[in-house]
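Note sheet for the following structure.
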Amino acid sequence: MTSIRERNKALILRAASEEFADKGFAAGKTSDIAAKAGLPKPNVYYYFKSKENLYREVLASIVEPLLAASAPFNQPGRPADVLTAYIRSKIRISRELPYASKVFASEIMHGAPHLSAEQTRQLNDQAKHNIACIQAWIDQGLMAQVDPHHLLFSIWAATQTYADFDWQISIVTGKTRLDDSDYEAAARTIIRLVLKGCEVETAAHAG
């Protein structure tokens, strides 16, 4: 059963994600965050102490899923299965955490001033591990001679665009907002492009 404290923190965190995604850290206001959450402004400071702490919590709320998305790389598996699972996890983040994803993207574009040294290390170490896995598959002849760094960057760009540029995608598709079928189509398209482009063996593999 969710406690009142946990419920209120979740409401504030979601409202803060929307506020910071829309206005950035400097322009975001705790009064507007409280209004979005439907709670008194003092509650924001009661639970998070300061606007900067709240902003860091928003970043933490996206860093953890980003790290978790790489779980397929952390155990033995076929390239097709690992890449498929990774892409689907990244699309899921864009669907479920679009505002936090936008905050993270903005943070990175500004040189990551609010990411902790530990978060930066974790993200960098995981990326290096994923790249090493891809290189190992290339060395074993399991996929084409692609640049593993740029393959990973391309997957990031292709999946995160569904959160960071959802407005543009909605305009082009003529929809008010994307639905589950759009995200499924996105996942299948990206998976097909990556697996075919990397010449990964997909026999008996369902995308």
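Being in the same structural domain as Ala132 (by TED's automatic domain parsing), at pLDDT 95 or above, touching a Gly at 6+ places or on another chain (Cβ under 8 Å) and farther than 18 Å from Asp164 by Cβ narrows it down to one of Thr120, Thr84, so name that one. Show your work before the answer.
Values: Thr120 fails: touching a Gly at 6+ places or on another chain (Cβ under 8 Å).
Answer to the check: Thr84.
Screening Ala68, Ala10 for residues that are more than 16 Å from the chain's Cα centre (by Cα), assigned to a helix (DSSP H, G or I) and aliphatic (A, V, I, L, M) leaves exactly one candidate, Ala10.
Quick test for you: out of Ile87, Ile62, pick the one residue that is of a type outside the set (D, E, K, R), under 19 Å from Cys198 (Cα atoms) and part of a helix (DSSP H, G or I).
Numbers: Ile62 fails: under 19 Å from Cys198 (Cα atoms).
Being of a type outside the set (D, E, K, R), under 19 Å from Cys198 (Cα atoms) and part of a helix (DSSP H, G or I) holds for just one of Ile87, Ile62, which is Ile87.
A count restricted to the stretch 90-128 and to residues that are polar (S, T, N, Q) and in contact with a Ser or Thr (Cβ under 8 Å, 6 or more places away or on another chain) stands at 3.
Among what's in the stretch 13-39 and is of a type in the set (Gly, Ala, Ser) and outside any helix (DSSP H, G or I), pick the residue that is surrounded by the most Cβ atoms within 10 Å (Cβ to Cβ).
First pass over the stretch 13-39, keeping only residues of a type in the set (Gly, Ala, Ser): 15-17, 21, 24, 26-28, 31, 34-35, 37-38.
Restricting the remaining residues to those that are outside any helix (DSSP H, G or I) gives 28, 38.
Values: Gly28: 20, Gly38: 11.
It comes out as Gly28.
Among the candidates Val82, Val63, Val58, Val44, single out the residue that is surrounded by 15 or more Cβ atoms within 10 Å (Cβ to Cβ), closer than 29 Å to Ala144 by Cα and of a type in the set (Val, Ile, Thr).
On the way: Val63 fails: closer than 29 Å to Ala144 by Cα; Val58 fails: closer than 29 Å to Ala144 by Cα; Val44 fails: closer than 29 Å to Ala144 by Cα.
Being surrounded by 15 or more Cβ atoms within 10 Å (Cβ to Cβ), closer than 29 Å to Ala144 by Cα and of a type in the set (Val, Ile, Thr) holds for just one of Val82, Val63, Val58, Val44, which is Val82.
Could you identify the single residue in Leu59, Leu66 that is of a type in the set (A, V, I, L, M), within 15 Å of Ile155 (Cα to Cα) and either modelled with pLDDT of 95 or more or outside the structural domain of Arg177 (by TED's automatic domain parsing) (or both)?
On the way: Leu59 fails: within 15 Å of Ile155 (Cα to Cα).
Exactly one of Leu59, Leu66 is of a type in the set (A, V, I, L, M), within 15 Å of Ile155 (Cα to Cα) and either modelled with pLDDT of 95 or more or outside the structural domain of Arg177 (by TED's automatic domain parsing) (or both), namely Leu66.
Would you point out the residue of the stretch 13-50, among those that are closer than 19 Å to Ser106 by Cβ and basic (Lys, Arg), that is nearest to the chain's Cα centre (by Cα)? This residue is Arg14.
The values are calculated or read from the model by the stated rules, or taken from the named source; none is laboratory data. Predicted model, so just to flag it, every value in this text is computed and none were measured. Reconstructed Cβ throughout: ideal geometry from the backbone, glycine too, with neighbour counts over all protein chains shown.
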